[in-house]
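A.B. asks: I'd like to ask you about the structure that follows.
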Amino acid sequence: MNRKFLEELLNVVEDEAKRKEIVDTLMAKNGELIESHKTEVATLKNDLKVKDGVVDNLNNKIKELEEVDVEAIKQEQYDLGKAEGSKEVETFKKSIALDKALANSKAKDIKLLEKLLDSEKLTYEEKDGNYIVGGLDEQLKSIKTTHDYLFEQENQQQNGFNLGGDHQNKAPENEAQDLAGALREKYGK
């Protein structure tokens, strides 16, 4: 819309000042509408550019992901998990072998004894799927001299105490085995 068009359209209004006022008002209103539409269009163009950038970015990521070898990653993770699982199984087998060896040493508390061992000095040799623990005998000899209470004694006199008499034997057959039996024997009931 332009001023000349409006002036020709409003020729019917005879008052020149009134006609100029109407044209100015319409032109001002038209200018406001045009400016608001220009702002709206600029905002929409900017939004469109941003969305185009996002779409381009996502398309680039899709292209990158299409180049990724998923099967190779799966195989790599499988191999890694298998290796870690094998290590855990080997550690478990070694732990079992150590527990068996310590059980044969007549230890009273295997877990406590394990804490006294220097694991760096232990060696493990696999034989028929089982492990044999090496370097354990030397450590056990040393521990037996310093912590003999951790092991069952084969003979009570080995610990240095002589209580006199034979404390290993049970009471004779004709003697009472408990308090009730002793009372019956004493009072004849």
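The values are calculated or read from the model by the stated rules, or taken from the named source; none is laboratory data. Computed from a predicted structure; not experimentally measured. Because the Cβ atoms are built from the backbone with ideal geometry, glycine has one as well, and the counts that use them run over all protein chains shown.
A.B. asks: Write out, first by first residue and then by second, each pair whose Cβ atoms fall under 9 Å of each other, whose residues are 6+ apart or on separate chains, and whose first residue, in region 125-144, is assigned by TED's automatic domain parsing to the domain that holds LEU98 while the second is in a loop (DSSP other than H, G, I, E, B) and surrounded by fewer than 16 Cβ atoms within 10 Å (Cβ to Cβ).
C.D. replies: Close Cβ pairs (under 9 Å, with a partner that is in a loop (DSSP other than H, G, I, E, B) and surrounded by fewer than 16 Cβ atoms within 10 Å (Cβ to Cβ)) amount to GLY135/ASP118; GLN139/ASP118.
A.B. asks: Would you please list the contacts, defined by Cβ atoms under 8 Å and residues six or more apart or on different chains, that run from a residue in region 49-62 that is at pLDDT below 95 to a residue that is surrounded by 10 or more Cβ atoms within 10 Å (Cβ to Cβ)?
C.D. replies: Once the first residue is at pLDDT below 95 and sits in region 49-62, no partner that is surrounded by 10 or more Cβ atoms within 10 Å (Cβ to Cβ) comes close enough.
A.B. asks: Criterion first (loosely packed, with under 10 Cβ neighbours inside 10 Å, on the phi < 0 side of the Ramachandran plot and part of a helix (DSSP H, G or I)) does ALA72 satisfy it? Spell out the reasoning first.
C.D. replies: Values: loosely packed, with under 10 Cβ neighbours inside 10 Å: yes; on the phi < 0 side of the Ramachandran plot: yes; part of a helix (DSSP H, G or I): yes.
Answer is yes for this residue.
Conditions (1) at pLDDT 85 or above; (2) under 41 Å from the mean Cα position of the chain (by Cα), marked per residue:
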site: GLY129; (1), (2): no, yes
site: ILE132; (1), (2): no, yes
site: GLU138; (1), (2): yes, yes
site: SER142; (1), (2): yes, yes
site: THR146; (1), (2): yes, yes
site: LEU150; (1), (2): no, yes
site: GLN156; (1), (2): no, no
site: ASN159; (1), (2): no, no
site: HIS167; (1), (2): no, no
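A.B. asks: Additional query: Scan region 106-113 and give yes if some residue there is exposed (fewer than 10 other Cβ atoms within 10 Å of the Cβ), under 32 Å from the mean Cα position of the chain (by Cα) and modelled with pLDDT of 85 or more, otherwise no. I'd like the intermediate steps shown before the answer.
C.D. replies: First, pick out the residues of region 106-113 that are exposed (fewer than 10 other Cβ atoms within 10 Å of the Cβ): 111.
With the extra rule that they be under 32 Å from the mean Cα position of the chain (by Cα), the set shrinks to 111.
Still in the list and also modelled with pLDDT of 85 or more: 111.
Yes: one or more hits.
A.B. asks: Residue check: is ALA101 within 30 Å of GLU152 (Cβ to Cβ), in contact (Cβ under 8 Å) with a residue 12 or more places away in the chain and under 30 Å from the mean Cα position of the chain (by Cα)?
C.D. replies: Working: within 30 Å of GLU152 (Cβ to Cβ): yes; in contact (Cβ under 8 Å) with a residue 12 or more places away in the chain: yes; under 30 Å from the mean Cα position of the chain (by Cα): no.
No.
A.B. asks: Sticking with this one: Take the conditions surrounded by 10 or more Cβ atoms within 10 Å (Cβ to Cβ) and in contact with a strand residue (DSSP E or B) (Cβ under 9 Å, 6 or more places away or on another chain) and apply them to ALA103. Does it pass? Outline the logic, then answer.
C.D. replies: Details: surrounded by 10 or more Cβ atoms within 10 Å (Cβ to Cβ): yes; in contact with a strand residue (DSSP E or B) (Cβ under 9 Å, 6 or more places away or on another chain): no.
Criteria not met by ALA103.
A.B. asks: Could you grab me the full set of residues in region 122-135 that are surrounded by 11 or more Cβ atoms within 10 Å (Cβ to Cβ) and out of contact with any strand residue (DSSP E or B) (no Cβ under 9 Å at 6 or more places or on another chain)?
C.D. replies: The one that is surrounded by 11 or more Cβ atoms within 10 Å (Cβ to Cβ) and out of contact with any strand residue (DSSP E or B) (no Cβ under 9 Å at 6 or more places or on another chain): ASN130.
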